[in-house]
Amino acid sequence: MSRRPIERHESALGHVSGRAIYTDEQHAPSGMLSVWPVQSPHAHARILRVDARRARGMPGVHAVLTAADIPGENDTGPIVHDEPLIAADHVQFHGQAVAWVVADDEALAMAAAATVEVDYEALPVCLNIADAIACASFHLPPARVERGEVEASLSSAVHRLRGELDIGGQDHFYLETQASWAQIDSEGLVQVTSSTQHPTETQVIVARVLGLPSNRVVCRSLRMGGGFGGKETQANPYAAVAALAAHVTRRPVRIKLSRGIDMQMTGKRHPFFARYEVGFDDHGMLEAMKIALFADGGWSIDLSPPVLMRAMVHVDNAYYCPNIEIEGLIAKTNLPSNTAFRGFGGPQGMLVGEEIIDRIARHLGLAPEIVRERNFYSEGGSPARNITPYGQTIRDNPIPELWQQLKSSSDFDARRVAIATFNASHAHAKRGIAITPVKFGISFNKVEYNQAGALVHIYTDGSVQLNHGGTEMGQGLHSKMLAVASRTLGISVDHIQIMVTSTDKVPNTSATAASSGSDLNGHAVKAACETLLSRLASVAAERLECSAEEIVFADDQVHDSNSPGRKLDFAEVVQAAYSARVSLSATGYYRTPGLSWNPNTGKGQPFYYFACGAAVSEVEVCGYTGVHRLMRVDILHDVGDSLIEAIDRGQIEGGFVQGLGWLTCEELRWSDAGKLLTDAPSTYKIPTNGEVPEDFRVDLFKRRQAPEAQVIFGSKAVGEPPLMLAMSVREALREAVAAFGNAREVALASPATPESIFNAIESVRARESRMRSMNDQVVPS
Amino acid sequence: MTNPAFRLNGKPISLAGDDPGESLLRWLNRHGSHGTKEGCADGDCGACTVAMIGSDVEGSRRFRAVNSCLLPIGSVSGRDIVTVEYLADGDSLHPVQQAMVECSGSQCGYCTPGFVMSLFAGYSNGELDDHTTEGNLCRCTGYLPIRRVTERLRSGKPAPGRLESMLDSAGPAASESVGARFFNPAELATAIELKQRYPQAQWIAGATDLGVELSHGKRRDAIFIALDRIDQLKGIVIDDDTVTIGAGVPLSVVESELGAKIPALCEMLRWFAARQIKNRATFGGNLGTASPIGDLLPILLAFDGTIHLHGPRGERVVAANDFFIDYRETARSDDELIVAVRLPLSTHRNATYKVAKRQSDDISIVAAVFAMSVDSERRVEHVRLAFGGVAAKPLRALSTEAYLLGRELDQATLERAAEMLGEEFNPMSDHRASADYRRALCANLFARFVAEHFA
């Protein structure tokens, strides 16, 4: 163990003092140019003519880039090559770039862009999932996950319900917009610094666009001002524009999107539409589900197939359903290409599952939490009840125990009674409480992404440089990697320098995504450190006259476990190793064991383990306006043995509030022409501290047994799962709405804006008054 | 023309030759000062927050958090600005920064300097609560650590030091103009004269609306006459039955000075905007831009307020009800200046309601201000039902008011009034809400008002 364990974010001092540097804040090389796009005013059109003569003639303008300037492939698609960097013949969404002006500064580039004349022939537009279904506009053939006899079970079920659910998208609203710098170095290599979660892919796509082999491009990622999935693939086009501009002008080029352009051009969390049919018994036990999920992919494929698949394998959340059929389709629409966003489809899938559970509960007049817990996967009883629709057995399932702990610590039952009393005495304000679980699969569905590398150098003074393939976007990955290196090497973090992520240090990396950053890179860092330790141990053993197996590295020192009195300084051993011509540099590599996935059958073991938690939320809703107040939140979440507790708590709290925004106040609206109307924080409302309740309690679940999965120092992934804890707010809102009238069904739109809640209240009130008048007719007066 | 300058972190900096319409944020970044971040350039995210020394009504100096993206450097001339880089003294962190580190108040860190500056101003003024950082968006932390920081700082007191001593050494902001097109007059008469000399010039007050356009590169060539250093616009006078508020008083000052006196105004100001905006925005500006969703305008309508104008032809007073003509069009002629608003202290029951997609710091879907009295038999003696967000201009529900006047406030009357309110306006559907929801709110907010005040 190090003397001073790392307790908080490694850049905290830089953050609070304004000294932490982000991509667009580096010292500018001389002659640096800026770019500005020429954007399409149509969501779908044929490009007839682009005339940039005026712009090209303006002083200070160095180039106007069009598709014709691209020396390599005009494509930035990460999976399928369907994504032109600069539109050549067609524009496929409102705001798409048909040209980029390169000029001395941004104001000049913007002014010149306004002079570029483009003639379009407008084409019919498809702007949402309903449009896409109507004209059968889909990106790929349907995907399926299925088990059992769905049709037969549905028809034999005692109860059967059908329904539909629309789920809104979400803008990432990372505080730092997309940014990249590019320049050609002394050897003609393209050096890119990008605010990217996936430097390797950025490197590959820059190389593809410029027609270069990958070894001619280096991509570095400094700290990002937030990512949340929005910089997993969608940093690539802007890095490619900067690189193309640098290639054409032979000058350094910077790009940092304005907030408006960022929101207009980049993809978001996929809006979803679901159709479902469910069969269940009198106790609310699931017997069969048939679900069709439609994800709004936008104009290109981007990451939509894996996003959709994650939604499909998370519909079940924590619930066992013996017979299930899930079909998934990606709508092709004239919108920006929707992409990864914290949860990666999982939240949308789980929201559909929770909607179904709530329908069942209200239909039967049961408390929703009772139906939830009855349907949990469980390790006792029939073994089949612990297997997911895609065939993976759930191990280490903490949910039943965690659920009971949270119900008790949050005083759930007593509060439910108190709420009923409150509601009985308030006609125009109703409260609701709900508890919901989260079971989130950890690992990339695509097996090959589950690998990572690290590179560790020790210098002769004993100081260490730590490189790994993951990127830092605020989640504290670098801090955790410092903790892993420090714990493994037995030296203080003060002696370890974390390096910016760079493709020339660790090649062929995976995106920092899928909550996997610490799991994958942590093992790779540990492996590199252990390689170095084994070399150093031999050197130390010689000096301490013991066997290498008996050497202990701790507290910046090295000793023989049999005689702890005699100690060598770590630096002394390092110097001795150098003198003995022992290598002080090592790579580390890791691949997650035991994974398999067949996308054609929808079967396999895609997840190494599941990250779980649960939350209780209580709300009060105003019957006059539909405005709600979130009054209290209780969370119990399983992070295993936390590497850095403050960081894990930050992920839980921040993830919850981001989910709260998605489900309540964040609403994307488009004009009939496909123009984004909510392209600024004045119109697109992410939560402020005013939306966060005073009473917010977070606890970390203490498990009784060690998990089976060999996770890094026993810690579990925490990046995405807490976002879905916010489903408890949606369900609490539904509970409060139900108290206004006949509650056998509460249709609540998502996001649950004041207007959506108001409409839901009106509909339960209307159902109540219909019931009353029916009863009046039946009962003779 | 004297040499315009400002003090940045205690150092005098010349603004000679600079474009006065450029935002302070752009200016800082262009000069290599990157601690102050651009998150939106719209005045909504707070990442660009800096502290500016300003005066309260008594004239004592204090640090105020402002959005540097909305502050044209023409307005900065002669003022003192402190940015995040100056808070730490060498390696010794300011207590605000120390608390942010210890409470894990940063994750990605991009919004952090803005939070630090909002908290710094609050700490320095002894005004620390959730509203201190309401104008700062954070996408990572969920705000809980920020709340812990705020709580921790509340027990601390700013120690006298180089930052506090800046308050003593700061002089009144001089009236230097920046270039030949950004005038900073100190006298009302000078402002009126300048407008006659440059009829095309644009009045600019706190620049919280116009600043958005400037920030996006629009209207950069305009001539500006800034009104934020004219003392005659900065008074608040409280009589027995009226309050007169200078058109140039920052709304945060209005809020703190008049909170107890006019709760309905205070309630609206609480939801009006974030602290950084209220530190710059004024009554004059809100009335001058006359946005149909300007939240202060229904207050003037419901309280029978008056608007006091000053121009080359002297002073005149316009009743609020006559002031708004059409979309962003008012009874003020172009060469006139709003100098004050006067609000009778209402003896009627009154209340303010604002419904938005997000309850804090958002633009209204509907804003409503009601004032009403009934006699001993519950007959309506006086009624004003004023709304924002329902038409091209703020409006009173005159038909419903006429219906209610003299009627007994019984169930049938209320039902009919609600029906009438639902039909009185023809609001539009937009990205904030549908017309139907807006109509329903008109009726329901009145029902809520009656339930809360006339039960």
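The values are calculated or read from the model by the stated rules, or taken from the named source; none is laboratory data. Since the structure is predicted, the reported quantities are computational estimates derived from the model, not experimental observations. Cβ sites come from the backbone with ideal geometry, for glycine too, and all protein chains shown count toward neighbours.
Which condition breaks for residue A:5 when tested against (1) away from chain B (no Cβ under 11 Å); (2) buried (at least 20 other Cβ atoms within 10 Å of the Cβ); (3) within 29 Å of the chain's Cα centre (by Cα)?
(2)
Looking only at region B:8-46, count how many residues are out of contact with any Pro (no Cβ under 7 Å at 6 or more places or on another chain) and among the hydrophobic types (A, V, I, L, M, F, W, C).
Selection size over region B:8-46: 7.
Of everything in region A:569-594, what is surrounded by fewer than 19 Cβ atoms within 10 Å (Cβ to Cβ) and either in contact with a strand residue (DSSP E or B) (Cβ under 6 Å, 6 or more places away or on another chain) or not in a helix (DSSP H, G or I) (or both)? Give them in sequence order.
A:569, A:580, A:581, A:582, A:583, A:584, A:585, A:587, A:589, A:591, A:593, A:594
Residues being under 29 Å from the mean Cα position of the chain (by Cα) and over 15 Å from residue A:254 (Cα atoms): count how many of those fall in region A:179-217.
Going through region A:179-217 one residue at a time, the tally reaches 14.
With respect to residue B:357, is the statement that it is under 33 Å from the mean Cα position of the chain (by Cα) and over 18 Å from residue B:305 (Cα atoms) true?
It is true that residue B:357 is under 33 Å from the mean Cα position of the chain (by Cα) and over 18 Å from residue B:305 (Cα atoms).
Among the residues of region B:94-114, are any buried (at least 21 other Cβ atoms within 10 Å of the Cβ), within 11 Å of chain A (Cβ to nearest Cβ), among the aromatic types (Phe, Trp, Tyr) and assigned to a helix (DSSP H, G or I)?
Looking for residues that are buried (at least 21 other Cβ atoms within 10 Å of the Cβ), within 11 Å of chain A (Cβ to nearest Cβ), among the aromatic types (Phe, Trp, Tyr) and assigned to a helix (DSSP H, G or I), one finds none in region B:94-114, hence no.
What are the residue pairs meeting all of these: first residue in region A:249-276, first residue modelled with pLDDT of 95 or more, second residue assigned to a strand (DSSP E or B) and of a type in the set (Phe, Trp, Tyr), Cβ atoms under 6 Å, and 6 or more apart or on different chains?
A:254/A:181; A:273/A:294
Could you look through region A:417-445, keep only residues that are part of a helix (DSSP H, G or I) and touching a residue at least 24 places away in the same chain (Cβ under 8 Å), and pick out the one that is nearest to residue A:308 (Cα to Cα)?
Among them, the one singled out is A:419.
How many of the residues in region A:8-50 are within 11 Å of chain B (Cβ to nearest Cβ), in contact with a helix residue (DSSP H, G or I) (Cβ under 6 Å, 6 or more places away or on another chain) and within 27 Å of residue B:112 (Cβ to Cβ)?
Result for region A:8-50: 8.
Quick check on my filter: what residues within region A:717-752 are out of contact with any helix residue (DSSP H, G or I) (no Cβ under 8 Å at 6 or more places or on another chain) and basic (Lys, Arg)?
none
Being touching a residue at least 40 places away in the same chain (Cβ under 8 Å), surrounded by fewer than 18 Cβ atoms within 10 Å (Cβ to Cβ) and of a type outside the set (Phe, Trp, Tyr) narrows it down to one of A:634, A:555, so name that one.
From the options A:634, A:555, the qualifying one is A:555.
So which of A:660, A:700, A:676 is aliphatic (A, V, I, L, M) and away from every other protein chain (no Cβ under 11 Å)?
A:700
Could you please let me know if residue A:37 is buried (at least 16 other Cβ atoms within 10 Å of the Cβ) and part of a strand (DSSP E or B)?
yes
Please state which of the following conditions residue B:315 fails to meet, knowing it meets all the rest: (1) surrounded by 20 or more Cβ atoms within 10 Å (Cβ to Cβ); (2) more than 14 Å from chain A (Cβ to nearest Cβ); (3) not in a loop (DSSP other than H, G, I, E, B); (4) not basic (Lys, Arg).
All conditions pass for residue B:315, except number (1).
Tell me which residues, restricted to region B:38-51, are more than 7 Å from chain A (Cβ to nearest Cβ) and not aliphatic (A, V, I, L, M).
If the condition is that a residue be more than 7 Å from chain A (Cβ to nearest Cβ) and not aliphatic (A, V, I, L, M), then B:38, B:43, B:46, B:48, B:49 are the ones that fit.
Answer yes or no as to whether residue B:245 is in a strand (DSSP E or B) and closer than 19 Å to residue B:300 by Cβ.
It is true that residue B:245 is in a strand (DSSP E or B) and closer than 19 Å to residue B:300 by Cβ.
Check region A:260-268 and report whether any residue there is within 14 Å of another protein chain (Cβ to nearest Cβ), polar (S, T, N, Q) and within 30 Å of residue A:130 (Cβ to Cβ).
yes
If you scan region B:318-342, which residues turn out to be surrounded by fewer than 21 Cβ atoms within 10 Å (Cβ to Cβ) and not charged (D, E, K, R)?
Once the filter is applied, which keeps residues that are surrounded by fewer than 21 Cβ atoms within 10 Å (Cβ to Cβ) and not charged (D, E, K, R), region B:318-342 yields B:318, B:319, B:321, B:325, B:327, B:331, B:333.
Just one of (1) closer than 17 Å to residue B:38 by Cα; (2) of a type in the set (Phe, Trp, Tyr); (3) in contact with a Pro (Cβ under 8 Å, 6 or more places away or on another chain) trips up residue B:143, so point out which.
Going through (1) closer than 17 Å to residue B:38 by Cα; (2) of a type in the set (Phe, Trp, Tyr); (3) in contact with a Pro (Cβ under 8 Å, 6 or more places away or on another chain) one by one, residue B:143 breaks only (1).
Would a scan of region A:616-625 turn up a residue that is more than 14 Å from chain B (Cβ to nearest Cβ) and surrounded by fewer than 23 Cβ atoms within 10 Å (Cβ to Cβ)?
Within region A:616-625 (the criterion being more than 14 Å from chain B (Cβ to nearest Cβ) and surrounded by fewer than 23 Cβ atoms within 10 Å (Cβ to Cβ)), the answer is no, since none of the residues qualifies.
For the subset of region B:16-37 comprising residues that are buried (at least 23 other Cβ atoms within 10 Å of the Cβ) and of a type in the set (S, T, N, Q), which member is nearest to the chain's Cα centre (by Cα)?
B:23
Pull up region A:211-239, narrow it to residues that are away from chain B (no Cβ under 14 Å) and part of a loop (DSSP other than H, G, I, E, B), then point me to the one that is surrounded by the fewest Cβ atoms within 10 Å (Cβ to Cβ).
A:213
When you go through B:131, B:216 one by one, which is the residue that is at the interface with chain A (Cβ under 9 Å from one of its Cβ atoms) and either basic (Lys, Arg) or under 30 Å from residue B:89 (Cβ atoms) (or both)?
Of the residues listed, the single one that is at the interface with chain A (Cβ under 9 Å from one of its Cβ atoms) and either basic (Lys, Arg) or under 30 Å from residue B:89 (Cβ atoms) (or both) is B:131.
Residues of region A:622-643 being closer than 20 Å to residue A:656 by Cα, assigned to a strand (DSSP E or B) and not acidic (Asp, Glu), which ones?
Hits for region A:622-643 are A:628, A:629, A:630, A:631, A:632, A:633, A:635, A:636, A:637, A:640.
Can you report the number of residues in region A:91-127 which are among the small types (Gly, Ala, Ser), touching a strand residue (DSSP E or B) at 6+ places or on another chain (Cβ under 8 Å) and either part of a helix (DSSP H, G or I) or within 14 Å of another protein chain (Cβ to nearest Cβ) (or both)?
Summing the residues that are among the small types (Gly, Ala, Ser), touching a strand residue (DSSP E or B) at 6+ places or on another chain (Cβ under 8 Å) and either part of a helix (DSSP H, G or I) or within 14 Å of another protein chain (Cβ to nearest Cβ) (or both) in region A:91-127 gives 4.
Answer yes or no as to whether residue B:75 is modelled with pLDDT of 95 or more and either more than 9 Å from chain A (Cβ to nearest Cβ) or part of a loop (DSSP other than H, G, I, E, B) (or both).
no
Which condition number does residue A:681 fail, the rest of (1) within 10 Å of chain B (Cβ to nearest Cβ); (2) within 30 Å of residue B:212 (Cα to Cα); (3) at pLDDT 95 or above; (4) assigned to a helix (DSSP H, G or I) being met?
Among (1) within 10 Å of chain B (Cβ to nearest Cβ); (2) within 30 Å of residue B:212 (Cα to Cα); (3) at pLDDT 95 or above; (4) assigned to a helix (DSSP H, G or I), the lone unmet condition for residue A:681 is (4).
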